[in-house]
Amino acid sequence: MKELIKRAHNFSAGPSALPLEVLQKAQEELTDFRGNGMSVMELSHRSAAFEEVHNQAIATLRSLLSISEDYEVLFLQGGASLQFSMVPMNFLQPDKSAAIVMTGAWSEKALEEAKYFGQPYEAASTKAENYRRIPTFDELKYKPSDAYVHITSNNTIFGTQWNDFPDTGDVPLIADMSSDILSKPFDVNKFALIYAGAQKNLGPSGVTVVIIRKDMIDKANKNIPTMLRYSTHAKNNSLYNTPPTFGIYMLGQVLEWAQGIGGLEAVAKRNQEKAALIYDAIDASQGFYVGHAEPNSRSLMNITFRVSNEELEKKFLAEAKKEGFVGVNGHRSVGGCRASTYNAVPYESCLAFREFMLQFQKVNG
Ligand SMILES: *Cc1c(COP(=O)(O)O)cnc(C)c1O
């Protein structure tokens, strides 16, 4: 009989919850990985055993997202934060512009880094509204001569998410999908490049997934350091240097888990149900809880809200912690409360948090 394992209700923004089944499988395989007499961490990254892990992870991601042969899938390091620099380093030039859609703190970083290499400008911004919403497609301003349009598909800190993606025609569309990749099906073909740090929905920190259209690799700048060229990693199947092997193994396991529970349609349905539990508690509270995002921009991954009375908010956060809900404090730049309900956060945790919210209001409202 399996022991009952006490798992925290983990609502952390990242690193965040991993599926228990994945952790258990990793534990089982830890000291003797598939008959190799060593852990996956101890395998050479040039060994056939690791190569299989690596290529299987790529294949599973391709299958889950229906990624065509027009794209390369890369596993890089440096987090999404290095992509803020690598994207403009590869595609901008001093006299070239890029349109950055400003929807939160991460977009601001994408804009700041691009300034080192060219002329980024704001394609739209909802900063004046404290990033409460995603701009409409009509609000987006970009030019045919732009090197790219950059969006942040889910705004981890403010709790907003794009429901649909614009068609930018011949201007390459680039997305930071760190906090919602794999949370629902979407059409990869709209994008020239997608990047995501793994530690929200894909696995442990240390791996960054990049999905890049092959024509982008060809037209990238050549006069940049080897490790920072997409072409280096594409040519070498992300094995130019030692990759984060354990992270890639875990990523592969998480991808297979998502496939096993029914693929992205099933994952999306679960995510909607989970988020609805908490948003409904906010909406039914008659102002006791106040959601940060406008309803049609709400994120299914990061639910941001305030308790209307500040003293009570402190009490709410303290009690949530005492009751075993981890990571519910809002980001240090925004304050308030945030429940991150990524793919691996169980329905039961969301239900328990909803019950806690209702009970807290009943006693304190
Ligand atoms: C977490 C996050 C980042 C930063 O990722 P690092 O891997 O820490 O560099 C960037 N963008 C978004 C949308 C994020 O959620």
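Residue by residue, here is whether (1) in contact (Cβ under 8 Å) with a residue 24 or more places away in the chain; (2) over 30 Å from residue 336 (Cβ atoms); (3) surrounded by 15 or more Cβ atoms within 10 Å (Cβ to Cβ) holds:
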site: 62; (1), (2), (3): no, yes, yes
site: 81; (1), (2), (3): yes, no, yes
site: 91; (1), (2), (3): yes, yes, yes
site: 96; (1), (2), (3): yes, yes, yes
For segment 305-354, which positions are in a helix (DSSP H, G or I), under 25 Å from the mean Cα position of the chain (by Cα) and not aromatic (Phe, Trp, Tyr)? 317, 320, 321, 348, 349, 350, 351, 352, 354
Mind checking whether some residue in segment 349-356 is in contact with a strand residue (DSSP E or B) (Cβ under 6 Å, 6 or more places away or on another chain) and either free of Cβ contacts under 8 Å to residues at least 60 places away in the same chain or among the hydroxyl-bearing types (Ser, Thr, Tyr) (or both)? yes
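Quick grid of which residues meet (1) out of contact with any His (no Cβ under 7 Å at 6 or more places or on another chain); (2) outside any helix (DSSP H, G or I); (3) closer than 14 Å to residue 254 by Cβ; (4) at pLDDT 95 or above:
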| site | (1), (2), (3), (4) |
| --- | --- |
| 26 | yes, no, yes, yes |
| 31 | yes, yes, no, yes |
| 38 | yes, yes, no, yes |
| 41 | yes, no, no, yes |
| 44 | yes, yes, no, yes |
| 50 | yes, no, no, yes |
| 57 | yes, no, yes, yes |
| 68 | yes, yes, no, yes |
| 73 | yes, yes, no, yes |
Check 273, 265, 294, 256 and return the single one that is acidic (Asp, Glu), more than 20 Å from the chain's Cα centre (by Cα) and open to solvent by 10 Å² or more (accessible area, probe 1.4 Å). 294
Pairs, please: C-beta under 9 Å, at least 6 apart or cross-chain, first residue buried (at least 16 other Cβ atoms within 10 Å of the Cβ) and in segment 218-231, second among the acidic types (Asp, Glu)? 230/72; 231/218
Applying the selection to segment 276-291, what residues are of a type in the set (S, T, N, Q) and either assigned to a helix (DSSP H, G or I) or open to solvent by 10 Å² or more (accessible area, probe 1.4 Å) (or both)? 286
So, of the residues in segment 131-186 that are more than 16 Å from the ligand (Cβ to nearest atom), hydrophobic (A, V, I, L, M, F, W, C) and over 17 Å from residue 92 (Cβ atoms), which turns out to be least open to solvent (accessible area, probe 1.4 Å)? 140
Hey, residue 212 more than 30 Å from residue 30 (Cα to Cα), open to solvent by 10 Å² or more (accessible area, probe 1.4 Å) and away from the ligand (no atom under 16 Å from the Cβ) or not: no
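The values are calculated or read from the model by the stated rules, or taken from the named source; none is laboratory data. Small disclaimer: the values here were computed from a predicted structure and weren't measured. In this analysis, Cβ positions are derived from the backbone assuming ideal geometry, glycine residues included, and neighbour counts consider all displayed protein chains. For accessibility, only protein heavy atoms count, side chains too; no ligands or nucleic acids. Shrake-Rupley method; radii C 1.70, N 1.55, O 1.52, S 1.80 Å.
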